[in-house]
Amino acid sequence: MAVFYEGFTLCGLAAGQSRENSGLLGIEPGRDPDHVIVTGAGRTVTVYKVSDQKPLGSWAAKQGQAVTCPAVLHGQTGEYVVVQDSKVLRIWRDEDINFEKVFKATLSAAVSRIHALPSLEPLVLFQRGAVRQLDALLAAPQQAVEEVLSEEEVIRWSSCFLEAEQPLLLFSTEKSGEFFLYLQKLNPNVLHKYSIDSEGKGACPIGFTATLENKCITLMCLYSSGCVYKLLVSLHPSVEGEQHLPKSLLLKLPVSEGVLSRAAISSLEEGHIAIVGAPHSASTGDRDFLCIWNTNFQTLQASKELAGGAYGQLWCNAGKLYVTHGKVLTVLPYHCEMSSLAAALGKLKQASTQEASSPSVLNWNSLLHEETALQQRKGGAGMRTRNSKSQTTLTTTVNQVLEDIKGVSSEEMEEVLEPFLSCSPVSPQFQFGLSRIAVELLKRCQADPGFYPQTLLARLAQTGRLSHSSCPGFLMLALEKRDYFLAQLCLQQFPDVPEAVTCACLKAFLSVADADLAPVSVDLEGVSLVDGPGQSLEGVQNGFSPVLLEEDSCDVQLTDPKLNQSSSWTDVSLTCPVGLKKSALLNEILRSSYSESFLLPHLKDLSSQQVILFLQYLQYLYVRSSGDVYTQLPGLRAPTVTQIMDWVSLLLDAHFTVLVMAPEAKGLLTQLHRFVRSQVRLYSELGKIQGTLQELSK
């Protein structure tokens, strides 16, 4: 069994890409599972934080140069390595800004790919089949490189592995319609060559993926006919010289007519593979899908239609699939369960304690648990692990809860879930079970408007083990039910709230009246110094003299007599425009993660009154925080000054024209204008005394 969670866009594709070329060379793992390195087919290399959908750094070769293979991270030094114009190695760090000034070395031969290994030197694969470790290559960049491949033989795919702390490189080649496979070992330096059968009728391999297990490499080839074949490559072949690799049919996709041209394959966990660009049924037409197949039982487990058409590119990293389609690079988290016939057919039955020894339950348990420390059970003849017993108990509990919550009332729900919630929340199987229960509760809440176990839903969110992608709709249900406490918990606990949902929360928080929030329980951490409505804040300064500000002038003439012409952003008496509880909710919005390009379109849905209210609140927060040398208000959940000013900029970008035309916003915009000019004046004055300050420090 496999499932796709809610996907999201990581970045757009370069403008002008063709139908056959997405504009991306590849995606490689970054410093941790949440970081990836995206290499464009032109000149750019960008590091992204996936959960925030934000670029952390970007580097580009100058005009006229080109990046010719995907950049990788050197696992030992933390440096990035890429090849420019096929022969020039480039190596740099995160802090390097100018790509033209980073280290470079010109090689004697053209490079096909660089492969990174977690604890060893990266491997450099040359276009003519030679392999070198990076450190040996840097010691003598112009060293002679042998030609392993024959004339007109071209590398089509490559991958690296680590076996007994020794690197292995596997790559496939094509020559005149014939395909070959090479296995390169480095210690000692041994090369094995294999031939791969063609399928006949013009069908050829268009995609490869490989896994290493028990000293044997399993290679899976996707042919243009829609067939997936499996080939076994031994690490220690008994025969020298070129060998023939027999293949066995693993899966036959329903390609009704023609052949596949833009398709890719990737191996997943537990006997599953992902395929993009190939139909999963004869009725799909011209639409492109990303599918997960069970290879043990040849069954389709999950599919996702790709808008705009796929380019036949697919990468897998840290439980997420990366696929290019249309004009975007999409990230799709997934989960695969261990194969069993019942699960493959969607008929996995509820397990009971007495059935703990059945094959399907054992498969399920091996998915949920990794530890198998055996221990003698007292008073029994057989051996059984304490961990296995807890696994069976948890599996039974989850299945029992899923069955029970279909009929009990809201009042009885917490009693039903208590056995599960009392389990250890740090185990991975708890998180997976919690997501299944949350999804089932959401389905019942949507089907039955009178059913809403508010306390229980809040308790599930407080575990910190849920996310938006694992239970889509959880946060929107809270907004629909006007459950602002649950919405606040979700914003605090969910690391992957989409920008559209964030804006929906902001709109709901700005619209609700303070009187309606009076009976609501809200976490007020971080708003202890926010005054209630009607209480004012006098004369807070930000390290610069009011006299300087009075000398400043503003091009905008005020028609509001209540606003003094010489007033400034921080020079006026401010009143908090919202109550304490609404302030706490808005602070969660300010602290949320977002991508500016995806957030701006949704911010335009706010009304002018909502924008003005939010700007007034941001102004108030800034004045409260700018009176101190610290850049954050007291409290664990208080926003920083940077977050406050970022949101001011976002609101002005999204609504500037509307604000200029709104008479009630004129005073606020003028204060913003004065504030910016005073800050420019402040930094100008600081620049004048910079030399003096440097001398004082000596």
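The values are calculated or read from the model by the stated rules, or taken from the named source; none is laboratory data. A quick note: this is a predicted structure, and the numbers were derived from the prediction, not measured. Reconstructed Cβ throughout: ideal geometry from the backbone, glycine too, with neighbour counts over all protein chains shown. We work out accessible area using only protein heavy atoms, side chains counted, and drop any ligands, DNA or RNA first. Shrake-Rupley method; radii C 1.70, N 1.55, O 1.52, S 1.80 Å.
For the reader, a short list of remarks on this structure follows.
- Surrounding net charge for residue 122, when Lys and Arg each add one and Asp and Glu each subtract one, Cβ distance under 11 Å: -2
- Computed packing ranks the peptides 512-521, 112-121 as 112-121, 512-521, most packed first, by mean other Cβ atoms within 10 Å.
- Spin-label model distance (nm) - residue 190 vs residue 600, 7 Å beyond Cα toward Cβ: 5.8
- Here the dipole of the stretch 205-277 is about 140 debye; that uses its Cα centre as origin and unit charges on the Cβ of Lys and Arg (positive) and Asp and Glu (negative).
- Under 15 Å, Cβ to Cβ, from residue 151 - net charge with Lys/Arg +1 and Asp/Glu -1: -4
- If the segment from residue 147 to residue 98 were pulled out straight at 0.36 nm per residue, it would be longer than the present Cα-Cα gap by 14.2 nm.
- Spin-label pair residue 21-residue 297: with each label point 7 Å from Cα along the Cα-Cβ axis, the two points sit 4.4 nm from one another.
- Per-peptide average of other Cβ atoms within 10 Å, ordering 80-87, 297-304 highest first: 80-87, 297-304
- Which of 661, 476, 645, 220 is most accessible, then next, and so on - probe 1.4 Å: 661, 476, 645, 220
- Residue-normalised accessible area of the stretch 96-181, given per residue in Å² at a 1.4 Å probe: 47
- Charge dipole (debye, nearest 20) of the stretch 104-162; +1 at Cβ of Lys and Arg, -1 at Cβ of Asp and Glu: 240
- Peptides 323-333, 178-188, ordered by how many other C-beta atoms sit within 10 Å of their residues on average, highest first, read 323-333, 178-188.
- For residue 688, net neighbour charge (Lys/Arg +1, Asp/Glu -1) across residues whose Cβ lies under 14 Å away: -1
- Linear extension gain, residue 516 paired with residue 259, 0.36 nm per residue minus alpha-carbon span: 86.3 nm
- Estimated from the Cβ-Cβ distance and a Förster radius of 41 angstrom, the FRET efficiency linking residue 176 and residue 459 is about 0.05.
- In this simple spin-label approximation, residue 414 and residue 135 carry label points 7 Å from Cα along the Cα→Cβ vector, and these lie 6.0 nm apart.
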